[in-house]
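The values are calculated or read from the model by the stated rules, or taken from the named source; none is laboratory data. These numbers come from a predicted model, not from an experiment. For neighbour counting, all protein chains shown are included, and Cβ atoms are generated from backbone atoms with ideal geometry for every residue, glycine included.
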């Protein structure tokens, strides 16, 4: 498994793509948010990727933590379990995606997701009034109206990696847009099941946690908080 | 608010979804009552069916792609929404059959399907893992108890309006008992939300509503008691029925709309920043 996974571009028999976010590095610049919007053409009010700002402690001992969040691509996704149409599905590489042609827009997934990472818009809206800008018009997809949408880790890029023999998380062309855009090197993407991958090394060398792990969702987003001695 | 980590109220399921739980639960309860009274009158049964249909119609108006509604049947393996939809078909068929042909078994088959329907609805709420106030296991007995109380209340009202002579003497006692069970189930549920660590705002909303529900339930039980003590006071039983149904519907509205706070975002640990060590996590807004 390890050797096969290390071979560039080849999908090993067991693959689990995850994202590793170094909270020590994130500065809350929201470049990943903007890159996601640009790459996926999400309408106003819909942010598949966002960075929340959490303040802790009391003056003068306070801390500010910037926490990038998106779909966690859970190993046991609550959204998949409840979806009445099987529109939500999990791929063999661990990505959770939505078939917009099957989704009925019941939003059951949206209330089942503990991370609030499902979105639904009923009507087309654009950033500057009723008419789309040229960029919005180019990316507008009517299939996304009235159905549930979310981050898919830029799955079309991952698929391109499969076709072209390049490695997601290493080669920028087949890596999620948010990871490519991160100016502080806080975001990393790769295969958790490959012990030689970038993300496996980061998880070995650093202390991390996953959000709401107690709910049994097995989220695929790891937050680094400190190095290991 | 895109940048907020605190639990916020879900906006995906609005009054139309709430109406599915309100009408569907009450309608299923009415169908169980209709079987229990074994009345030749088809009134309560038809009222129950109409309510279930209204609930399904409301949810049809809620979904984003109503013309694909048939896709809802595709995931019986794990989705309680699919199971609710599957049960609804034989329920409507058996209910119409019971209303048309009567007989001894069809009303009871309808009642069994109605129980399965209200159970599916309760499990559907519990399956929403993103909403702590819904996912608590005690929501299941509570939704069943309130559905039966509401349905019995509406069944009694339907009988009083359509065929008062058919109202059995024990109906008031049954109603009072079910309302009492509903109240106890609600208190047990509310008491379980604290240990289950539900968001404070959700618990506040439900704690405020607890007083209103208790007042309505006590009033319903007193009105039913008048009917038990003095069988001639059928109107008192009718008032108790209306109160039981109204209180249950109001509770479901509060649960689905007002107490439905998301899980929120949280940190298990706060990271090192330059120097020092990690610190305890944070859960804003709880």
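Applying the selection to the stretch A:106-126, what residues are under 23 Å from residue B:68 (Cα atoms), within 7 Å of chain B (Cβ to nearest Cβ), under 18 Å from the mean Cα position of the chain (by Cα) and in a loop (DSSP other than H, G, I, E, B)?
Within the stretch A:106-126, just A:113 meets the criteria.
Scan the stretch A:24-58 for residues that are within 13 Å of the chain's Cα centre (by Cα) and closer than 23 Å to residue A:226 by Cα and jot them down.
A:32, A:50, A:51
Of all the residues that make up the stretch A:81-105, how many are without any contact (Cβ under 8 Å) to a residue 24 or more places away in the chain, at the interface with chain B (Cβ under 7 Å from one of its Cβ atoms) and either out of contact with any helix residue (DSSP H, G or I) (no Cβ under 6 Å at 6 or more places or on another chain) or surrounded by fewer than 24 Cβ atoms within 10 Å (Cβ to Cβ) (or both)? Break it down stepwise before answering.
If we filter the stretch A:81-105 for residues that are without any contact (Cβ under 8 Å) to a residue 24 or more places away in the chain, which is where we start, we get A:85-86, A:89-90, A:99, A:102.
Okay, now just the ones that are also at the interface with chain B (Cβ under 7 Å from one of its Cβ atoms), so A:85-86, A:102.
Pick out the ones that are also either out of contact with any helix residue (DSSP H, G or I) (no Cβ under 6 Å at 6 or more places or on another chain) or surrounded by fewer than 24 Cβ atoms within 10 Å (Cβ to Cβ) (or both) and you get A:86, A:102.
Qualifying residue count for the region: 2.
Residue B:193: buried (at least 17 other Cβ atoms within 10 Å of the Cβ) and over 25 Å from residue B:48 (Cα atoms), yes or no?
Criteria met by residue B:193.
Inspect all residues belonging to the stretch B:52-59 and state whether any of them is crowded, with 23+ Cβ neighbours inside 10 Å and either in contact with a strand residue (DSSP E or B) (Cβ under 7 Å, 6 or more places away or on another chain) or more than 12 Å from every other protein chain (Cβ to nearest Cβ) (or both). Explain how you work it out, then say what you get.
First pass over the stretch B:52-59, keeping only residues crowded, with 23+ Cβ neighbours inside 10 Å: B:52, B:55, B:59.
Applying the additional criterion that residues be either in contact with a strand residue (DSSP E or B) (Cβ under 7 Å, 6 or more places away or on another chain) or more than 12 Å from every other protein chain (Cβ to nearest Cβ) (or both) yields B:52, B:55.
Yes - at least one qualifying residue is present in the stretch B:52-59.
Quick check on the stretch A:42-55: of everything there that is surrounded by fewer than 17 Cβ atoms within 10 Å (Cβ to Cβ) and touching a residue at least 40 places away in the same chain (Cβ under 8 Å), which residue is farthest from the other protein chains (Cβ to nearest Cβ)?
Quick first cut of the stretch A:42-55, residues surrounded by fewer than 17 Cβ atoms within 10 Å (Cβ to Cβ) only: A:44-45, A:53, A:55.
Still in the list and also touching a residue at least 40 places away in the same chain (Cβ under 8 Å): A:44-45.
On the way: A:44: 11, A:45: 8 Å.
It comes out as A:44.
May I ask you to list the residues in the stretch A:134-166 that are in contact with a helix residue (DSSP H, G or I) (Cβ under 9 Å, 6 or more places away or on another chain), closer than 22 Å to residue A:73 by Cα, in a helix (DSSP H, G or I) and touching a residue at least 40 places away in the same chain (Cβ under 8 Å)?
Matches in the stretch A:134-166: A:158, A:161, A:162.
Considering the stretch B:5-60 alone, what residues qualify as being out of contact with any helix residue (DSSP H, G or I) (no Cβ under 6 Å at 6 or more places or on another chain), free of Cβ contacts under 8 Å to residues at least 24 places away in the same chain and over 29 Å from residue B:170 (Cβ atoms)?
B:11, B:57
Going through B:225, B:188, B:202, B:219 one at a time, which residue ends up being under 28 Å from residue B:7 (Cβ atoms) and surrounded by fewer than 19 Cβ atoms within 10 Å (Cβ to Cβ)?
Details: B:225 fails: under 28 Å from residue B:7 (Cβ atoms); B:202 fails: surrounded by fewer than 19 Cβ atoms within 10 Å (Cβ to Cβ); B:219 fails: under 28 Å from residue B:7 (Cβ atoms).
One residue alone meets the criteria, B:188.
Taking the criterion of being modelled with pLDDT of 95 or more, in contact with a helix residue (DSSP H, G or I) (Cβ under 6 Å, 6 or more places away or on another chain) and crowded, with 20+ Cβ neighbours inside 10 Å, would at least one residue in the stretch A:116-133 satisfy it?
yes
In the stretch A:199-217, what count of residues is obtained for those that are closer than 22 Å to residue A:66 by Cα and away from chain B (no Cβ under 12 Å)?
Residues in the stretch A:199-217 being closer than 22 Å to residue A:66 by Cα and away from chain B (no Cβ under 12 Å): 4 in total.
Just name the residue that is farthest from the chain's Cα centre (by Cα) out of those in the stretch A:142-172 that are loosely packed, with under 15 Cβ neighbours inside 10 Å and within 14 Å of chain B (Cβ to nearest Cβ).
A:142
Could you tell me whether the stretch A:56-79 includes any residue that is in a loop (DSSP other than H, G, I, E, B), facing chain B (nearest Cβ under 8 Å) and either in contact with a helix residue (DSSP H, G or I) (Cβ under 9 Å, 6 or more places away or on another chain) or modelled with pLDDT of 95 or more (or both)?
So the first thing to find is which residues in the stretch A:56-79 are in a loop (DSSP other than H, G, I, E, B), and the list is A:59-60, A:70-77.
Checking which are facing chain B (nearest Cβ under 8 Å) leaves us with none.
No: the stretch A:56-79 contains no residue that is in a loop (DSSP other than H, G, I, E, B), facing chain B (nearest Cβ under 8 Å) and either in contact with a helix residue (DSSP H, G or I) (Cβ under 9 Å, 6 or more places away or on another chain) or modelled with pLDDT of 95 or more (or both).
Do any helices (runs of 4 or more DSSP H) entirely within the stretch B:142-259 hold 3 or more residues that are under 14 Å from the mean Cα position of the chain (by Cα), and if so, which?
Values: elements: B:171-193, B:200-229, B:234-253.
Result: B:171-193, B:234-253.
Against the condition assigned to a helix (DSSP H, G or I), modelled with pLDDT under 95 and more than 14 Å from chain A (Cβ to nearest Cβ), how does residue B:112 come out, does it pass?
Values: assigned to a helix (DSSP H, G or I): yes; modelled with pLDDT under 95: no; more than 14 Å from chain A (Cβ to nearest Cβ): yes.
It is false that residue B:112 is assigned to a helix (DSSP H, G or I), modelled with pLDDT under 95 and more than 14 Å from chain A (Cβ to nearest Cβ).
Do you know which residues across the stretch A:13-41 are farther than 30 Å from residue A:129 by Cβ, in a loop (DSSP other than H, G, I, E, B) and away from chain B (no Cβ under 14 Å)?
A:13, A:14, A:15, A:16
Within the stretch B:262-280, is there a residue that is farther than 26 Å from residue B:125 by Cβ, more than 14 Å from every other protein chain (Cβ to nearest Cβ) and buried (at least 21 other Cβ atoms within 10 Å of the Cβ)? Can you show your working first?
Initially, the stretch B:262-280 is screened for residues farther than 26 Å from residue B:125 by Cβ, giving B:267-280.
Now restrict to residues that are more than 14 Å from every other protein chain (Cβ to nearest Cβ): none.
Checked against the condition, which is being farther than 26 Å from residue B:125 by Cβ, more than 14 Å from every other protein chain (Cβ to nearest Cβ) and buried (at least 21 other Cβ atoms within 10 Å of the Cβ), the stretch B:262-280 yields no hits at all.
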